[in-house]
Amino acid sequence: MNWIPLTTEDQLVLIKEKSFSIPQVIFKHSTRCSTSSMVLNRLERAEAPATIDFYYLDLLAHRNISNKIAEDFQVYHESPQVLLIRNGECVYDESHMAITMDELASLSAA
């Protein structure tokens, strides 16, 4: 798994732009949450499609970016949470133990 650290709000503009070419995934992770750690571990053990860019957001270090994501993509903040961005919009978001690589792979190919 090659995570791209999401550390600035400016990256959200790039994510939107790139999503017109290939799907973009944002994983919002709380480093203090055991459920979030389990989901992160499960994602990292799974085979990630090469046709998706995966962004990792440390919620505790970058709460402002999480708030901007909720505003820009019109989703309710949860943790852990995954968003699939395609054509500049969030087409899928899921949280907690419902997050799976298989689901992301199948939706990104749609």
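Derivation of every value follows stated rules applied to the coordinates shown; laboratory data play no part. Since we're looking at a predicted model, the values are computed, not measured. No Cβ is skipped: glycine too gets one built from the backbone with ideal geometry, and neighbour counts run over all protein chains shown.
So here's what we get for this one:
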read-out	value
Extended-chain gain in nm, criterion 0.36 nm per residue less alpha-carbon gap, CYS33 and ASP102	22.6 nm
For the range 24-34, Karplus couplings with θ = phi - 60° (6.51, -1.76, 1.60), whole Hz, Gly/Pro x	10, 10, 10, 10, 9, 10, 9, 5, 9, 9, 5
Rough spin-label spacing in nm, given labels placed 7 Å along Cα→Cβ, for GLU9 and LEU60	2.4 nm
Taking the range 38-110 and dividing mean pair separation by its residue count, relative contact order in percent (alpha carbons under 8 Å, at least six apart)	32 percent
10 Å beta-carbon shell around ILE26, net charge (K/R +1, D/E -1)	-1
Beta bridges per DSSP with both ends in the range 3-109, % antiparallel, nearest 5	55 percent
For the range 55-110: rounded, prolate or oblate by the Cα gyration tensor [a/c cutoff 1.5]	oblate
Loop trypsin sites (Lys or Arg not before Pro), the range 1-37 (other Cβ atoms within 10 Å of the site Cβ: 15 or fewer; DSSP)	ARG32
Sparsely packed chymotrypsin sites (Phe, Trp or Tyr not before Pro) within the range 30-110, loop by DSSP, other Cβ within 10 Å at most 11	TYR76
Ranked list, fewest to most other Cβ atoms within 10 Å of each Cβ, for GLU94, GLU44	GLU44, GLU94
Within the chain: Cβ-based charge dipole about Cα centre, in debye rounded to nearest 20 (Lys, Arg +1; Asp, Glu -1)	200 debye
For mean projected area of the Cα convex hull in nm², calculated from these coordinates, the label among (1) 6.5; (2) 5.8; (3) 10.4	(2)
